[in-house]
Amino acid sequence: MKTESVLAIVTGGVSGLGLAVAQRIVAEGGKVVLFDVNDDKGTAAVAALGADNARYLRTDVTDEAGVAANVEAAKAFLGGLNAAINCAGIIGAGRVLGREAPMPLQNFTTTVLVNLVGSFNVAKAAAAVIQHNEAGEDGERGVIVNTASVAAYEGQIGQAAYSASKGGIVGMTLPMARELARFGIRVNTIAPGVFWTPMVDGMPEEVQKSLSASIPFPARLGRPEEFADLVAYVLGNRYLNGETIRLDGAVRLAPK
Ligand SMILES: NC(=O)c1ccc[n+]([C@@H]2O[C@H](COP(=O)([O-])OP(=O)(O)OC[C@H]3O[C@@H](n4cnc5c(N)ncnc54)[C@H](O)[C@@H]3O)[C@@H](O)[C@H]2O)c1
């Protein structure tokens with residue numbers, strides 16, 4: 001679909017990668033609704049994007065009824081819905097056997113709940129609406145884009161929960177694409193390497209260093225605009241479906 005006709009929900013859309021996606025879509029003439037749980041950043045994002053083109057709806061992606069209701073509200077604001085881009089996520093770092101004690105199960109559960117279950121929750125609620133769209137070229141009705149991580153493939157020590165959550169996203173991409181094919185809904189996932197966002201900014205310096213030290217080329221952190229550029233491409237290329245694409249400067253994360 002052409003970016004100017006994109007009417008999208010962007011989760012995690014008030015910060016980092018999600019905000020860059022929202023900026024890209026609006027810059028090309030589309031409209032966005034930002035699902036997030038950070039009201040201050042939500043207000044700032046809408047001010048920057050313009051209230052005609054963007055709305056913030058406080059939405060916890062793990063809340064089934066809340067997401068379903070806000071997908072409807074988003075459709076009303078946008079005048080339709082043809083894309084959902086899942087960028088909400090948390091790091092959930094922690095060793096299986098921490099210094100004091102084994103990881104509390106709650107840490108693992110919460111990480112999987114936000115990153116994996118939350119992505120599924122938004123995808124299914126969006127697909128439930130998108131399936132009723134009028135079919136476009138090739139019968140296309142909409143696109144779902146998820147955000148995994150290269151940690152889905154080579155998680156570092158301390159990323160057991162995060163990697164499990166992101167591996168789950170990679171795993172559900174093909175079966176969702178296969179199932180939703182009959183509605184003309186494509187499902188793709190992007191697995192970013194290390195990008196310069198508030199999430200990475202908040203990590204301890206030695207972790208940042210270790211993450212960026214081994215990026216072959218370009219030897220720097222990724223820029224959120226580069227992520228947004230790939231999202232725009234995924235939205236636009238109708239033959240791209242059921243795939244997870246690494247965007248990582250050829251980085252392969254070391255064990256630690
Ligand atoms: N930055 C990186 O290097 C990197 C690398 C690989 C994958 N990712 C993934 O990309 C996505 C975006 O990350 P980012 O770096 O932009 O981080 P970020 O912290 O800047 O943005 C994440 C956003 O998600 C929101 N969020 C958290 N929990 C939520 C919930 N329950 N409901 C709704 N919103 C919630 C946060 O409020 C925040 O605005 C995440 O899924 C992250 O795991 C990031």
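Quick notes
- On Cα atoms only, tilt of 39-49 relative to the major axis of the chain in degrees: 50
- Each helix, a run of at least 4 DSSP H residues, gives -39500 (n - 2.57); summed and divided by the residues of the chain, these come to -13000 deg cm²/dmol at 222 nm.
- Number of Lys-Lys pairs in the chain with C-alpha atoms under 15 Å apart and a separation of 8 or more places or on different chains: 4.
- Cα-based equivalent ellipsoid of the range 37-97: semi-axis lengths in Å, sorted from largest, via gyration tensor: 26, 16, 10
- Looking at the range 101-176, the GluC sites (Glu not before Pro) that sit in a DSSP loop and have at most 14 other Cβ atoms within 10 Å of their own Cβ are Glu134.
- Relative to the longest principal axis of the Cα atoms of the chain, helix 16-27 runs at roughly 20 degrees.
- Only Lys, Arg, Asp and Glu carry charge here, each on its Cβ (+1 for the first two, -1 for the last two); on that basis the chain has a dipole of about 440 debye about its Cα centre.
- Rounded tilt (10° steps) of 224-236 against the dominant C-alpha axis of the chain: 40
- Bridge orientation summary for the range 68-192: considering DSSP beta bridges with both residues in this region, about 10 percent are antiparallel.
- Within a Gaussian network of the chain (alpha carbon springs, distance under 10 Å), most fluctuating of Ala160, Ala101, Ala219: Ala101
- Additional length obtainable on full extension of the chain from Asn38 to Met203, 0.36 nm per residue less Cα span: 57.5 nm
- The range 125-256, relative contact order [Cα under 8 Å, separation at least 6], %: 32
- Label-to-label distance, nm, for residues given as Asn107 and Leu240 (7 Å Cα→Cβ offset): 3.5
The numbers here are math on the coordinates, done by the rules we state, and not lab data. On a predicted model such as this, the values are computed, not experimentally measured, just so you know. Positions of Cβ are backbone-derived with ideal geometry, glycine not excepted, and every protein chain shown enters the neighbour counts.
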